[in-house]
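Engineer: One structure, pasted below without further comment.
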Number of protein chains: 4
Amino acid sequence: ELGGFVEEIDNVKSEYVKCFEFDPKLMPFTWIVVRIDGCHFHKFSETHEFVKPNDERALKLMNFCAMAVLGEFQPDVVFAYGVSDEYSFIFKQSTNLYQRKASKIVSAIVSFFTSVYVMKWRDFFREKELKHPPSFDGRAVCYPSREILCDYLSWRQVDCHINNQYNSCFWKLVSLGKSKKEAQNSLKGAQLQKRLEELEIDYNSLPVMFRQGSSVFWNKEGKFLKHQENEESCESHRNVIVEHCDIIGPRFRLEHPGILDGK
Amino acid sequence: ELGGFVEEIDNVKSEYVKCFEFDPKLMPFTWIVVRIDGCHFHKFSETHEFVKPNDERALKLMNFCAMAVLGEFQPDVVFAYGVSDEYSFIFKQSTNLYQRKASKIVSAIVSFFTSVYVMKWRDFFREKELKHPPSFDGRAVCYPSREILCDYLSWRQVDCHINNQYNSCFWKLVSLGKSKKEAQNSLKGAQLQKRLEELEIDYNSLPVMFRQGSSVFWNKEGKFLKHQENEESCESHRNVIVEHCDIIGPRFRLEHPGILDGK
Amino acid sequence: ELGGFVEEIDNVKSEYVKCFEFDPKLMPFTWIVVRIDGCHFHKFSETHEFVKPNDERALKLMNFCAMAVLGEFQPDVVFAYGVSDEYSFIFKQSTNLYQRKASKIVSAIVSFFTSVYVMKWRDFFREKELKHPPSFDGRAVCYPSREILCDYLSWRQVDCHINNQYNSCFWKLVSLGKSKKEAQNSLKGAQLQKRLEELEIDYNSLPVMFRQGSSVFWNKEGKFLKHQENEESCESHRNVIVEHCDIIGPRFRLEHPGILDGK
Amino acid sequence: ELGGFVEEIDNVKSEYVKCFEFDPKLMPFTWIVVRIDGCHFHKFSETHEFVKPNDERALKLMNFCAMAVLGEFQPDVVFAYGVSDEYSFIFKQSTNLYQRKASKIVSAIVSFFTSVYVMKWRDFFREKELKHPPSFDGRAVCYPSREILCDYLSWRQVDCHINNQYNSCFWKLVSLGKSKKEAQNSLKGAQLQKRLEELEIDYNSLPVMFRQGSSVFWNKEGKFLKHQENEESCESHRNVIVEHCDIIGPRFRLEHPGILDGK
């Protein structure tokens, strides 16, 4: 029986199928952003009983994974910004990682992130077992200039802010006895600022991580690092830090020259 | 301070950055193949002391993950073929998963596969902890006809066969005291069939999984399934089976009409 | 002054800009169709007083150009179908013209077609000078199977039929004194078959070229050719013929095996 | 017979073929360059007895066509640079012509250029009839910054310079009785500057158009224009001018702010 198989093999002329492979390269000298998003995280967060509207453990696990990505893909990935179940990874403009092949870059980032997420789950959710496999999808986008890249980051942080205001109102309404449907209807087209006040939510006292998302980058300035819990064991990203700060205004770039200004 | 942030937000006009997003769709009515490969698995297999040339536990873990992919992405993924640290997933011709967007398809598959790999690691490597995160990269390729798709699968199975012959010789030489360098040189351009004989390797008695790789598909015929160990708990892919068979010759398609012949 | 220029040149390091060039290749083993369309032909046909709804001279000039394309790009272009100011060129499935680079194929076809159109204008419009330069745009589309390719051709011929019915009614109404606006409104959502009868247009007696468009292909059967006027001088496409026939039904493929059935 | 055709048409369901059409858009906010090249111009220039190494009539015809392109595609095309049988057209960074669809942009430019080339041929080659249709191919390339765009232009002008030095030597050798083969061999790897001297070619006295190519742009400064012969009749590009100048150094951009510095 195997004899037949072996003979067949000598007659196979199938190398030609390689000519169908085609992984387009991302435009040189542009800023590559890989953004990943949780797949079916609505269901995943319910199954694993995430605290609403923000689960600190889940966000810190996301941050840990992002820090690991900066460690693994150094010096190519220079900055990351995360909120909820999404994370954006910024590559330095001159990167030539995988010859800038789109599929390879996106899949390697998303796979590594996922791998760390599962491996480190129990460090952040001590009492909870993973009930089904969490996964993420990803995409690469190129931006031709630093200004547009910064507008991209602003867009994500504005989204964080608006979603967080909305979710704070929504879950407060639910906690007050409204059904999800009722809460949704009551917020349709609402002035969120006003509703926060009416619902007596002291928005500014919420943790800044919830309000401004998380920015991850290399601590090049050498300043003293308070290592986060769970982080100390990971050699490769020892100098990667997480901050929760305004990345829309000019201050961030002024205080951290070399992150988004370098090549 | 936050006041400034909130005011800024009202002035941000950054939605325009969305126009840079661009995820090309894979050609309709073609057969999509997503092939994933282990990243740095040479090192990963050394760190985790994989048996050489084939580690049964590692291969079975790969197979388990592939089965889970068929379960998760049903009815879109209809067949998978795996060897070593690579796996190819075949989508049915008419799939419209994620509107056939390339990045989304590749990243979702590779992330889910990775997630299962880490979650189930300990079921297959009972005595071994994961020392660093395993990851995979992926790519999508389209084939315009069933014939070319079958040639693709033949190409992978021929590769399995040749690599396995080579690796069997290589590791036998190493076990006989040669250095890796010497073993490599000694096999340069060699007639593998002949070397197997000289090295007294009874190739045909090696497990068929090593020689022919693993084919994963739905057991539509309803025949009785001996569930593999580790598999029983997974509801979603209860009827997905692994076989180690010749997929180059016509027999496989004849015995399993509807897998690669359906739409 | 030039000295400066020459010195500068020695210092220019600009070859790197080549890495931005990127001409994706059309998928191998698919059927390539290049469809060209007149740019601003509404205005062009008015300026040059085309007979409405169909100008025989203009159509014959289009056909001549298409024949020249088959002559110039033999054996790659095997069939063409034209109607109004558009023409579709079908490449044989196995073509490797310009390594299947999309821009190169489209631009070369559209430029050659345009060139012949201008050169031969006076042969078809004897009394009329070209008042401004006619031009065409083009695109390439790939079809993975012969069946879909034939559906593409059907789509174009159905379009020809419907547009011609509409235009016959429209211009009849205009000739009866309606303004273009009134004619348009009167035909909105109309049953064209019925309106043709009401307007006493003997549709079936219109020239078949108007009703079924023009099909251009190589006369491989060696049957006697009545050369069209204006055609005799062109050596390169001596055996290319134009027919006005039904290409939707099976008859065309049955009568001309080897055109759309070959590789 | 037609009855059958008409009945068929009602049954045709072929609109779905539209889903195969796919014209990728060029990245927003980048500089688009469309470069066109003569197809088979080696043969074309021989058939039409172009003067070697530079035919002034042919170059001026190319320039006229480029000027017409700027007139036709205003305000999108802002600059063009030509040498020999190639021309590069620069679009302003913010152009949204044809929604930046690559095939449409390339094919429309190349077709219009070709059309003018044929129409105006006799104005430049008074004694010569066109013997076969001239045609061009084209491609679009995007550059993410003005600096890289300027490097692109430098690259083309350096090419012009080197090719012109080479061709000047080559044709001098031929005029001295060498065969083309001998001339070619004698110039392999040669220091062109030195060979020009040895061959007593007074390179600097050659027309500047031969040495520096042709730059085409809008005369926004309103300075007095000496209209070139053949140009006066063309209303649409009355204020488009051709200059033969150094575009590598900073002077051009300094003297013409707003061409490559505007949006």
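The values are calculated or read from the model by the stated rules, or taken from the named source; none is laboratory data. Because the structure is a prediction, the values reported are computed rather than measured. When we count neighbours, we look across all protein chains shown, and the Cβ atoms used for this are built from the backbone with ideal geometry, even at glycine.
Engineer: So C:ASP37 clears everything in (1) within 11 Å of chain D (Cβ to nearest Cβ); (2) farther than 15 Å from C:GLY213 by Cα except one condition, right? Which one?
Structural biologist: Every listed condition holds for C:ASP37 apart from (2).
Engineer: Is region B:74-87 home to any residue that is touching a Cys at 6+ places or on another chain (Cβ under 8 Å), within 22 Å of B:CYS150 (Cβ to Cβ) and in a loop (DSSP other than H, G, I, E, B)?
Structural biologist: yes
Engineer: Does B:GLU200 satisfy the criteria of being surrounded by fewer than 15 Cβ atoms within 10 Å (Cβ to Cβ) and either in a loop (DSSP other than H, G, I, E, B) or touching a Lys or Arg at 6+ places or on another chain (Cβ under 6 Å) (or both)?
Structural biologist: Values: surrounded by fewer than 15 Cβ atoms within 10 Å (Cβ to Cβ): yes; either in a loop (DSSP other than H, G, I, E, B) or touching a Lys or Arg at 6+ places or on another chain (Cβ under 6 Å) (or both): yes.
Spelling it out, B:GLU200 is indeed surrounded by fewer than 15 Cβ atoms within 10 Å (Cβ to Cβ) and either in a loop (DSSP other than H, G, I, E, B) or touching a Lys or Arg at 6+ places or on another chain (Cβ under 6 Å) (or both).
Engineer: What are the residues in region B:79-118 that are of a type in the set (Gly, Ala, Ser) and over 12 Å from the mean Cα position of the chain (by Cα), if any?
Structural biologist: Once the filter is applied, which keeps residues that are of a type in the set (Gly, Ala, Ser) and over 12 Å from the mean Cα position of the chain (by Cα), region B:79-118 yields B:SER94, B:ALA102, B:SER103, B:SER107, B:ALA108, B:SER111, B:SER115.
Engineer: Can you find, within region B:9-34, the residue that is surrounded by the most Cβ atoms within 10 Å (Cβ to Cβ) among those that are of a type in the set (A, V, I, L, M, F, W, C) and over 23 Å from B:ALA108 (Cα atoms)?
Structural biologist: Of the residues in region B:9-34, the ones of a type in the set (A, V, I, L, M, F, W, C) are B:9, B:12, B:17, B:19-20, B:22, B:26-27, B:29, B:31-34.
With over 23 Å from B:ALA108 (Cα atoms) added as a condition, the list becomes B:9, B:12, B:17.
Details: B:ILE9: 16, B:VAL12: 14, B:VAL17: 21.
By that ranking, first place goes to B:VAL17.
Engineer: Give region C:109-148 a look and list any residue that's among the aliphatic types (A, V, I, L, M) and over 30 Å from B:ILE148 (Cα atoms), or say none.
Structural biologist: Let us first name the residues in region C:109-148 that are among the aliphatic types (A, V, I, L, M), namely C:109-110, C:116, C:118-119, C:130, C:140-141, C:148.
Within region C:109-148, C:VAL110, C:VAL116, C:VAL118, C:MET119, C:LEU130 qualify.
Engineer: Can you tell me which residue among C:ASP123, C:ASP151, C:ASP137, C:ASP85 is among the acidic types (Asp, Glu) and more than 28 Å from D:TYR98 (Cβ to Cβ)?
Structural biologist: Step by step, each of C:ASP123, C:ASP151, C:ASP137, C:ASP85 is checked, and only C:ASP123 is among the acidic types (Asp, Glu) and more than 28 Å from D:TYR98 (Cβ to Cβ).
Engineer: OK, next. Quick one: in region A:1-32, of everything that is modelled with pLDDT of 90 or more and outside any loop (DSSP other than H, G, I, E, B), which residue is farthest from the other protein chains (Cβ to nearest Cβ)?
Structural biologist: Only one residue tops the list, namely A:ILE32.
Engineer: Would you mention how many residues in region B:115-173 are at the interface with chain A (Cβ under 7 Å from one of its Cβ atoms), touching a Cys at 6+ places or on another chain (Cβ under 8 Å) and in a helix (DSSP H, G or I)?
Structural biologist: Of the residues in region B:115-173, 1 are at the interface with chain A (Cβ under 7 Å from one of its Cβ atoms), touching a Cys at 6+ places or on another chain (Cβ under 8 Å) and in a helix (DSSP H, G or I).
Engineer: Just one of the numbered conditions (1) at positive phi; (2) crowded, with 23+ Cβ neighbours inside 10 Å is not true of D:SER115; which one?
Structural biologist: (1)
Engineer: Which residue pairs have Cβ atoms closer than 6 Å, lie 6 or more positions apart in sequence or on different chains, and pair a first residue in region B:84-106 that is more than 25 Å from B:GLY213 (Cβ to Cβ) with a second residue that is part of a helix (DSSP H, G or I) and not hydroxyl-bearing (Ser, Thr, Tyr)?
Structural biologist: Filtered contacts from region B:84-106: B:TYR98/B:LYS104; B:TYR98/B:ILE105; B:SER103/A:VAL106.
Engineer: While we're on this one: Could you grab the pairs with beta carbons closer than 6 Å, sequence gap of 6+ or different chains, first residue in region B:61-73 and touching a residue at least 40 places away in the same chain (Cβ under 8 Å), second one β-branched (Val, Ile, Thr) and in a helix (DSSP H, G or I)?
Structural biologist: Within 6 Å, the pairs are B:CYS65/B:VAL116; B:ALA68/B:VAL116.
Engineer: Just give me the residues in region B:35-69 being in contact with an Asp or Glu (Cβ under 6 Å, 6 or more places away or on another chain) and either closer than 20 Å to B:ARG122 by Cβ or assigned to a loop (DSSP other than H, G, I, E, B) (or both), in sequence order.
Structural biologist: If the condition is that a residue be in contact with an Asp or Glu (Cβ under 6 Å, 6 or more places away or on another chain) and either closer than 20 Å to B:ARG122 by Cβ or assigned to a loop (DSSP other than H, G, I, E, B) (or both), then B:GLY38, B:CYS39, B:PHE41 are the ones that fit.
Engineer: Could you list, in sequence order, the residues of region C:90-114 that are within 13 Å of chain D (Cβ to nearest Cβ), closer than 27 Å to C:ASP159 by Cβ and not aliphatic (A, V, I, L, M)?
Structural biologist: Correct list: C:SER103, C:SER107, C:SER111, C:PHE112, C:PHE113, C:THR114.
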